[in-house]
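Comments concern the structure below.
Only the coordinates and a few stated rules stand behind these numbers; no lab work does. The shown structure was predicted, so the numbers you read here are calculated from the model rather than taken from an experiment. FYI the Cβ positions are ideal-geometry reconstructions off the backbone, even for glycines, and counts take in every protein chain you see.
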Amino acid sequence: MIVNIEEKKSGETCPECGNRVITNSYEIICKGCGLVLGNLFQDSSYIFNDVNNKSNLNKQYVSLGERTDYVGGLGTFIDYENSKYLRDKTGKLLPPDEQKLYRRLKKNYAQFLRIKNHETEYRVFNILNKISIYLNLSKDIRNNAAYYYRKIVKNEKKVINNISLIAFCIFYSVRRAYHNAPITINEISNAFQNFGHRVNPRLILRDGIRYKTHLSSKVIPHRSEDYLIRLIENVVSHESLETRLIKKGAIWSKEDYKYKLTSKCRFILKSLSDWDRGGRNPFILTGAIIYLADKLLSKEHNQKAFLTQKIISEATDIAEYSIRDHYVNLLKPVFVKKEN
């Protein structure tokens, strides 16, 4: 069980600078230098009796509360799920006869009974956990997706497809998180298909249009700047790039080229106004900007271009014709002519 350590912690000081110790995001850190001294687990909302209390009047056992992305039963649960030896409230092992009794009771309170009348939600949250691990999503995104799903199900009389709904909730949670490497709707769709679920972008968008009224609409659209670091990392990590750098006689190392490519892309994005972007897909536009940046770098330093549309397409999963269309019709008239 979780023990409240607030009183003990309040008198502690940092061993490095001597400042007061505080908690932030479940970590014990120094207020002055920011040194992380340890982890602090979330306190349970339930109150447990002191272990020194020998009274037998209160033998109530309770579970640790309901998690957002987990389906459990109502009432109590005997010890932890996989515990082999049961203990009483003082921490002592139960006698053999009582061990046998409570093990039988715990076995009878099986998983089926805990998820009774919540089978669909239990299955959906299992899928959510698998997709979160597959896409390497943070716990906050996963928990928010589960929260959005429960909120929609609570307010919607009939859900068309629960699997596509949780896919939309993941997409919406990623959009709300607004982190530096956002996941696209196609990547979410492909992840579900890899696990055998017939989910495509059209179904996710359909659920978004149908159920977005139950959620807050204050979502900031992603821009190409949000995808830049991730896509450049994918391009630089392509197996053919290092060979092309040597073949084309590059004057930079791989890391130097990555730095210069990133700087040039940021310059292009800064020069490209919202009117010039014209509401185009920011993910695809980022791939075309990387292609343009490589061409501009080669021209500035009198070198041959290192990147091809095929390399960028393989590294970023963007179709070659999409990169070519954005480059020819949008970027080339604005930047290449300026250089001339």
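For the range 119-214, what log10 I(q)/I(0) values come out of the Debye formula at q = 0.20, 0.24 1/Å, with one point per alpha carbon and no solvent?
-0.93, -1.41
What does the convex hull of the Cα atoms of the range 224-339 come to per residue, in Å³, rounded to a whole number?
Output value, Cα hull per residue: 91 Å³.
Could you work out the local net charge near Ser224, counting Lys and Arg as +1, Asp and Glu as -1, over the other residues with Cβ closer than 14 Å to its Cβ?
Counting the neighbours of Ser224, the net charge comes to +3.
Order these by the 10 Å Cβ neighbour count, fewest first: Lys158, Lys248, Lys295.
With the sparsest Cβ surroundings first, the list reads Lys158, Lys248, Lys295.
Mind ordering 123-136, 278-291 by average Cβ neighbours within 10 Å, highest first?
278-291, 123-136
What per residue convex hull volume, in Å³, do the alpha-carbon atoms of the range 173-296 yield?
137
Which order results if Leu37, Leu296 are arranged by neighbouring Cβ count within 10 Å, fewest first?
Listing Leu37, Leu296 from fewest to most nearby Cβ atoms yields Leu37, Leu296.
Grab the other residues whose beta carbon is less than 12 angstrom from that of Arg244, score K and R as +1, D and E as -1, and report the net.
My count for the surroundings of Arg244 gives +2.
Neighbouring Cβ atoms within 10 Å as the yardstick, rank Trp275, Trp252 fewest first.
Ranking Trp275, Trp252 by Cβ neighbours within 10 Å, fewest first, gives Trp275, Trp252.
Give a residue-ordered list of calculated ³J(HN,Hα) values for the range 324-332 (Karplus: 6.51 cos²θ - 1.76 cosθ + 1.60, θ = phi - 60°; whole Hz; x for Gly, Pro).
Running phi through 6.51 cos²θ - 1.76 cosθ + 1.60 with θ = phi - 60° gives 5, 5, 5, 5, 6, 8, 10, 7, 4 Hz.
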